[in-house]
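Q: I'd like to ask some things about the structure below.
The values are calculated or read from the model by the stated rules, or taken from the named source; none is laboratory data. Being a predicted model, the structure only gives us computed values, none of them experimental. Here the Cβ is made from the backbone with ideal geometry for all residues, glycine too, and neighbour counts use every protein chain on show. All accessible areas refer to the heavy atoms of the entire protein, side chains included, with ligands and DNA or RNA removed. Shrake-Rupley method; radii C 1.70, N 1.55, O 1.52, S 1.80 Å.
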Amino acid sequence: MGWSNAFGLLSNVSDRPLHYRFAKKQRHRIDRIVAASSLIPNDPVLNPAEFDWTAMLAENWETIRDEALSIYRHIQAIPPLREISPDHRRIMKDNSWRSFFLIGYGFRQEANIARAPQTTRMVENIPGLNSAFFSILAPGAVIVPHRGVTKAIVTGHLGLSVPIERSDCWMRVDEQRLLWREGEWLIFDDTYEHEVRNDTDEPRIVLLCQVARPLRAPGSWLASAILNYVKRSHFVSEARDNLADWETVFAKAESDEV
């Protein structure tokens, strides 16, 4: 979940230009080509050991957690994802899912990076990194069933702060119900239907990384074209503008604390 949805790029397209509607129609065909070119399994949930970069971040999860918790002190100044990306309002009805972006579609959020420099140094070593951010689910948060837009990306969650009642904070991917553990990764293909609930009285915080799927040609050519297109789209530029506005809010929260 996150920017892999391309801010609803291929959903609710009836009022959008012809090239959007064409992309919508071709999505499943493109995904089949990408799947056939994949160098990793096409399963809904993937083994973190398939990715060399997961071990290093897991070994340093407490460092990452400490930076996330320092940022979390200003939770009301961390933007709800639905405010960054209005298209996410179809899957999130309130402000209980907040996202603190370090990198989004290759674009660096320099002020945020300065607040989590060690985390950023580590994620920058991930091959094919697309986006990295702290994803925060408030108590009672519900993200309704939905699908990501492209198999060109896989999504990873590194557990940083997980409610004590773990069984009441979960994610379903396809037919598998998953629970987070602190210091461990969940890696999944978000083109499978998935949903999330936090039925506890504690927040859930993860480091969310979206990474290019390892591919051979011709899938690698298609995936590169898709990601480059989205990076230059109106949806990403709008989100970057919204993030800039929220940076002012976060900076004020920090100055008020001093």
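Q: Residue by residue through segment 152-179, note down the ones that are of a type outside the set (A, V, I, L, M, F, W, C), free of Cβ contacts under 8 Å to residues at least 60 places away in the same chain, assigned to a strand (DSSP E or B) and touching a Phe, Trp or Tyr at 6+ places or on another chain (Cβ under 8 Å).
A: Passing the criteria: His157, Arg177.
Q: Same structure, new question: Suppose we filter Ala253, Ala212, Ala223 for residues that are at pLDDT 95 or above and either within 20 Å of Val34 (Cβ to Cβ) or hydrophobic (A, V, I, L, M, F, W, C) (or both); which single one remains? Show your work before the answer.
A: Working: Ala253 fails: at pLDDT 95 or above; Ala223 fails: at pLDDT 95 or above.
Testing whether each residue is at pLDDT 95 or above and either within 20 Å of Val34 (Cβ to Cβ) or hydrophobic (A, V, I, L, M, F, W, C) (or both) leaves just Ala212.
Q: Here are some conditions: (1) under 16 Å from the mean Cα position of the chain (by Cα); (2) part of a strand (DSSP E or B). Val149 meets all but one. Which one does it not meet?
A: (2)
Q: Looking at segment 191-206, which of the residues that are assigned to a loop (DSSP other than H, G, I, E, B) and touching a Pro at 6+ places or on another chain (Cβ under 7 Å) is most open to solvent (accessible area, probe 1.4 Å)?
A: First, pick out the residues of segment 191-206 that are assigned to a loop (DSSP other than H, G, I, E, B): 191-193, 199-203.
The next check asks that each one be touching a Pro at 6+ places or on another chain (Cβ under 7 Å); those that pass are 192-193, 200-203.
Details: Tyr192: 60, Glu193: 69, Thr200: 22, Asp201: 132, Glu202: 59, Pro203: 30 Å².
Selected residue: Asp201.
Q: Any chance segment 115-129 includes a residue that's under 12 Å from the mean Cα position of the chain (by Cα), open to solvent by less than 20 Å² (accessible area, probe 1.4 Å), of a type outside the set (Lys, Arg) and within 17 Å of Cys209 (Cβ to Cβ)?
A: Step one: filter segment 115-129 for residues under 12 Å from the mean Cα position of the chain (by Cα), giving 129.
Next, only the ones that are open to solvent by less than 20 Å² (accessible area, probe 1.4 Å) stay: none.
No; the residues of segment 115-129 include none that is under 12 Å from the mean Cα position of the chain (by Cα), open to solvent by less than 20 Å² (accessible area, probe 1.4 Å), of a type outside the set (Lys, Arg) and within 17 Å of Cys209 (Cβ to Cβ).
Q: I'd like to check something: does segment 72-83 contain any residue that is under 14 Å from Ile205 (Cα atoms) and of a type in the set (Gly, Ala, Ser)?
A: Scanning segment 72-83 turns up no residue that is under 14 Å from Ile205 (Cα atoms) and of a type in the set (Gly, Ala, Ser).
Q: Kindly provide the set of residues from segment 62-106 that are open to solvent by 50 Å² or more (accessible area, probe 1.4 Å) and not in a helix (DSSP H, G or I), ordered by number.
A: Correct list: Arg73, Lys93, Asp94, Asn95.
Q: Separate question: In this structure, is Glu182 under 24 Å from Glu124 (Cα atoms), touching a residue at least 60 places away in the same chain (Cβ under 8 Å) and open to solvent by 30 Å² or more (accessible area, probe 1.4 Å)? Lay out the reasoning, then the answer.
A: Values: under 24 Å from Glu124 (Cα atoms): yes; touching a residue at least 60 places away in the same chain (Cβ under 8 Å): yes; open to solvent by 30 Å² or more (accessible area, probe 1.4 Å): yes.
Considered against the rule, which asks whether it is under 24 Å from Glu124 (Cα atoms), touching a residue at least 60 places away in the same chain (Cβ under 8 Å) and open to solvent by 30 Å² or more (accessible area, probe 1.4 Å), Glu182 comes out as yes.
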